[in-house]
1. Compute the relative contact order of segment 53-112 as a whole-number percentage, counting only Cα pairs closer than 8 Å that sit 6 or more residues apart in sequence.
2. Just need the relative contact order of the chain here, percent rounded to a whole number, with Cα pairs under 8 Å and 6+ apart.
3. Among the listed pairs Lys54/Lys96; Lys28/Lys103; Lys11/Lys79; Lys11/Lys103, which have their C-alpha atoms separated by more than 23 angstrom in this model?
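Every number here is computed from the coordinates shown, using simple stated rules; none is lab data. Because the structure is a prediction, the values reported are computed rather than measured.
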Amino acid sequence: MNEIQTDYFLKTMLQRDVQFVVGTKVIKEGKIVVFNIKDFYISFVLTTKKNQNKTYEIPLPFNIYQKDTTLYFDYTLSKVHRESAVMKHLINSVSKSIGKKSKLFDNMMIIRVEDVLNK
């Protein structure tokens, strides 16, 4: 996905109450005030329910797609190794040598609009 499409999808989320979900766990929630795509990261400024501004920064995913009012950030490794046995082995070897892994490692994150959920 290119930066123009990513920018367009994220603009649809501005000024809306959203939840960032990994698996079944909500990891962040609030209203997206602004976002910035720089280098390999997306920074979000969220206004929480306590009316505080918090910054949440995530790496750019391997793929982003939208379905209705939900954005899917795909961090699954199959997007990188594309079922190549050699690449899969190399990635697994490197990942085992890393201590604590990110909650996004080989996972999918969903940004869903909360106000649609509550109706």
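1. Relative contact order here is 41 percent.
2. This gives 28 percent for the chain.
3. Lys54/Lys96; Lys11/Lys79; Lys11/Lys103
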